[in-house]
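To start, the structure itself, in structure tokens.
Computed from the coordinates by the stated procedures, all read-outs in this text should not be read as laboratory data. Note that the coordinates shown come from a computational prediction; the quantities given were computed from them, not determined experimentally. Cβ placement follows ideal geometry from the backbone for every residue including glycine, while neighbour counts extend to all protein chains displayed.
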Amino acid sequence: MADPLNTATESFDALYRSSARDLYAYVRTLLGDDASAEDVTALAFERAYRRRASFDPGRGSQRGWLFGIARNAALDELRRRRRSAPLLGELPDDHAAAPDEEADLAVRRTTVRAALATLPARERELVALKFHGGLSNAELATVLGTSESNAGTRVHRAVAKLREACHAPS
Amino acid sequence: MRHLDPLTPDEARELDALDRALSGLPVDPDLRAFEELVADLRATAPEMSPAFAARLEHDVAEGFPQPAERPPLRLRRPRRWVLLPAAGVLAAALVALVVVLGNGDSQTSPSSVALNDTPASKSAAPPVTAEAAPSAAGAAADSAGAVTAQRKAAPALAAPAPATAAIAPAPAPGAIAPAPGPRKVQRTAALALETPTDSFDATTDDVVQTVDRFGGIVASSTIGSDDAAGGEASFDLRIPTDRLDDALAGLSKLGHVASRSQNLEDITGSFQSAQDRLTDARAERRGLLRALSRATTQGQIDSLRARLRANSSAISRLKGDLAALRRRADLSRVSLTVRGVKDGAGAATGGHWSPGDAARDALRVLEVMAGVALVSLAIVVPLGLLGVAVALAARGARRRGRERALDPA
């Protein structure tokens, strides 16, 4: 009979491999600075590791569960600081387009990055969860504590606002 | 949760295109803009620094070792204290329930009273309880002489009181100080026995023998034997007061004591009054006799003789009154009822614990357990629902509190 804890440990390792980059991207977008993002990402993985035996598959995917833990930690950090996180103003410049990219692609991505920075924090978080975290609508619903259709609607509203911001005159 | 209008078909199609693009699937040509947006967003996602990625990789591989100075994370275990008040409330409810059920049972169930009474009736019972003695003292102190001390099937008997017609008053808190000298007390008792039907006749015979043994008499008796009903006999007994307690103890051994009561009536006042009047009548007689010896006329002699006759009648009547009062003090009246019962609880077996009793007790235990379980459910279920509602509300409030961090400061 398989040891549940060992099984959970192997499962956690797989979860880490598949989610670490996305989770960091989400937290980094939400918090706005590297140091806090690294602390919160590490804390989220540590909490998830210690609670790995209590994960209930009936309540959603492992990925949604992990992002829920990270979100709570990030919101606690935000509450502690009680300041809104400027999104792109502090983004490192290494995300700029590579020199060999086409010029219009580089312009487009800069525009998207700037538009994202203008969104309210709630919409910004939705975009980060969906497109940086790569969560499905069902996983989003788990993280946000809402229904799947509601999560989808909110994502669509946020994307609509993002597109408006992209096309707004700078 | 905020209510949002459902997506229009076009919006739903756009959302679907976003999901397809996110999954790397092709989208409709008219929605290529969404595909590009997703690609741009994915491309602008922040990335971990190599140093942090290596550190996190190491922590995961090592299982997040605890620093020596950092206490281990305490997970959900400390929250178990929340269950303690609930457990306390439940335990208190169960105890209260058992107490209430126990009291209710002893007050309403005759069979239970009978069972409790059996040990007392089977023991060599001292006849007057410690509780009854002060009552007797109080009765003796009462000039009206009609205070009653009653007792029904007491489960335990305490120190015996003097078993004489002239009761020495015992000190009692709050009692009126008794008059000096011996008191005349009339005692009566009522005793109801139950006996198995097949030993009904033997029990009634034993009653007569027991009364004889203690020097008493059967003033009257009525014995009705009925095979169907089980039979019932009534005895009106006179027992020497100084042996009443022993006699009652002996009679109580003949069957199961269904009920027992005793009365004490102080007749000292009546006795003293009759005695004083007799003394006065005798003194009057002596005076009349002296006057008769000195009478000189026939008229005086006739008048004195008439008064002497009336005086003699009064003295005789007073002597009779005194004798009756003495008999009331010396002989106690006992009303005894013997009832034959078929398979009665406790009575039919003479107080022994039979398999039938065990079955009844087991059924009773099951009834009480079912009652306790039902009442517990009535308490626990609403409390549980309330707890769940509170937990959900607290969870929602905690979530909303966290999400306020996303609102503009």
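Strictly greater than 13 Å: what percent of every Cα pair in region B:296-344 meets that? Before the final figure, lay out each step's value.
On the way: 868 of 1176 pairs.
More than 13 Å apart: 74 percent of the Cα pairs in region B:296-344.
Each of A:167, A:156, A:132 was scored by other Cβ atoms within 10 Å of its Cβ. Arranged with the fewest first, they read A:167, A:156, A:132.
On the basis of the beta-carbon distance and an R0 of 56 Å, residue A:11 and residue B:368 show a calculated FRET efficiency of 0.65. Amide H to amide H, with H built 1.01 Å from N, residue B:221 comes under 5 Å of B:236, counting only residues 5 or more places away or on other chains.
So if each residue of separation counts as 0.36 nm, and I subtract the Cα-Cα distance between residue B:188 and residue B:212, what length gain in nm does that give?
Working: separation 24, 0.36 × 24 = 8.64 nm, distance 1.80 nm.
Length difference between fully extended and current span is 6.8 nm.
Evaluated at q = 0.30 Å⁻¹, a Debye calculation over the C-alpha positions of region B:1-43 (equal weights, vacuum) places log10 I(q)/I(0) at -1.00.
Rg and Dmax, both from the Cα atoms of region B:255-409 and both in Å, are 42.6, 139.
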